[in-house]
Amino acid sequence: MKKMTKLVINAQSAHLGGGITYLINLLEKTKNFQVVLLVNNNNIDKFTIFEKFENIEFHKSRFAGKSLVHRSLWENFYLPFYLKTSKADLLYSVSGILPKFYIPRTCKTAVICQNMIPFCPEELNRFDSFFTRLKFHIIKFSQIISFKKANLVIFISEFAYTTIAQKILKNKVKSSTIIPHGLPDIFIPKKVTDLKNPHQFEYVIYVSSMFEYKAQLELIDAWILLKKMRETNEKLILIGHNETSYGNKVKAKIKANNLEDEILLKGHIEYTKLPHYYQNAKLNIFSSSCENCPNILLEALASGAATLCSNFSPMPEFAENAVQYFNPYNITETAEKIATLLENKKQREELSFKALDISKKYKWTTARDKTFQAFQEIIEV
């Protein structure tokens, strides 16, 4: 009987939605791989779905979950020892960072590039906090070393590959591939508006955690201008983690302009409820100016609702001609394009059909198969 490949996945950094969702979709089917998921006290509860999987086991570290410093020490000094004693065939790092000092020769390595912030100076400078900018500079330094060292680097967009592999690393990577994320089945409707509307009023929606490059403050300014331009009965709903310093600024701006009844903050909601919000929105907005593979944009496209989308890369790479583009930092342009789409049902319907068609390109079965095929190829080299 053929021995199963032992895949060790370092998931210590996976805490928020994106990293967790990626692993849940990736590991739904892991044929021919015995998977060890490296977790800590802070995130093990996010992976309970795998408890009944016979070929997935957990290796939990209390130490690594205490702080970033503890995690770094664990990854650089304990992890190499674990890889050797467990006879791992492949280490896959979803943080994009490998142990710096030693990796057993018998263990191949793969990393994924998921965050473009460290590699986009203009976006990094949007953060007020010096320590936040310093953190991303450290991440950039660590990832560059790891990308050069890894047997395989997975990029999730052409934009990331061009920016990092070609321009920054000058093609000094051993092996790389481009595998965009897929769409979970729950976001693909059988027909438009086949899910119950969560509200009794018309609304515009923007789903995203609140950070500087997500441009919620500019969207609020545009909404204020929109209300001066036209009678606006629609409400703006902001969904996503907002317990951040930038989120506090968003809350303060809404309160200062007495918009609590016009702009609704929903915070984090259950992932399974998002399709209801997307699909019944009069308009989806995606204002982010820095993404790698924009999962939220793909989810919005699959919903079939018209989308007003940031014109920053890599958004055009994914949405193509299925959205109306805008500059999220141009308040007047944003307000005007929201008004145009809200008042033009035919244009919204045209975008809806295009969006549904484009979204069919992004399937998790395809992304999963390509990822494990890439793993197998570097192991067999």
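Data for the structure
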read-out	value
Sites residue 57 and residue 128 - FRET efficiency at Förster radius 30 Å, r taken between beta-carbons, to 0.05	0.10
Degrees separating the helix 345-359 axis from the principal Cα axis of the chain, which is the longest one	10 degrees
Simple Cβ-charge dipole of the chain, Lys/Arg +1 and Asp/Glu -1, about Cα centre, in debye nearest 20	1420 debye
Euclidean distance of C-alpha centroids, the stretch 302-345 and the stretch 29-71, integer Å	38 Å
Furthest towards positive pole of dipole, 168, 198, 236, structure part the stretch 147-257, Cβ charges	168
Long pairs among 46/84; 253/337; 140/266, criterion Cα-Cα beyond 25 Å	46/84; 140/266
Charge dipole (the stretch 237-381, unit charges on Cβ, about Cα centre) - positive-most of 292, 334, 318	334
Subset of 282/370; 3/363; 29/167 violating a 32 Å alpha-carbon distance limit	282/370; 29/167
Net charge contributed by nearby residues that have their C-beta within less than 14 Å of residue 20 (K/R +1, D/E -1)	-2
In order through the stretch 309-316: 3J(HN,Hα) via Karplus (6.51 cos²θ - 1.76 cosθ + 1.60), integer Hz, x for Gly, Pro	10, 3, 8, 6, 5, x, 3, x
With Cα atoms, 0 to 90° folded angle of helix 17-26 axis to the chain main axis	60 degrees
Given charges at beta-carbon only (K, R positive; D, E negative), |dipole| of the stretch 161-319 in Debye	380 debye
Theoretical ellipticity at 222 nm over the chain - DSSP helices of four or more residues, -39500 (n - 2.57) apiece, nearest 500	-11000 deg cm²/dmol
Ordering of 118-131, 306-319, 327-340 by burial proxy (mean other Cβ atoms within 10 Å per residue, highest first)	306-319, 327-340, 118-131
Value in Å of the Kirkwood radius, where the chain supplies the Cα pairs that are averaged	22.0 Å
Sites residue 370 and residue 78 - FRET efficiency at Förster radius 41 Å, r taken between beta-carbons, to 0.05	0.85
Positive-pole candidate from 216, 263, 246, dipole of the stretch 213-269, charges at beta carbon	246
Exposure proxy ranking, count of Cβ atoms within 10 Å, fewest first, for 297, 68, 169	68, 169, 297
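Read the figures in this text as sums done on the coordinates, not as results from a lab. This structure is a prediction, so every number in the text was calculated from the model and none was measured. Ideal geometry is used to build each Cβ from the backbone, glycine not excepted, and the neighbour counts take in all protein chains shown.
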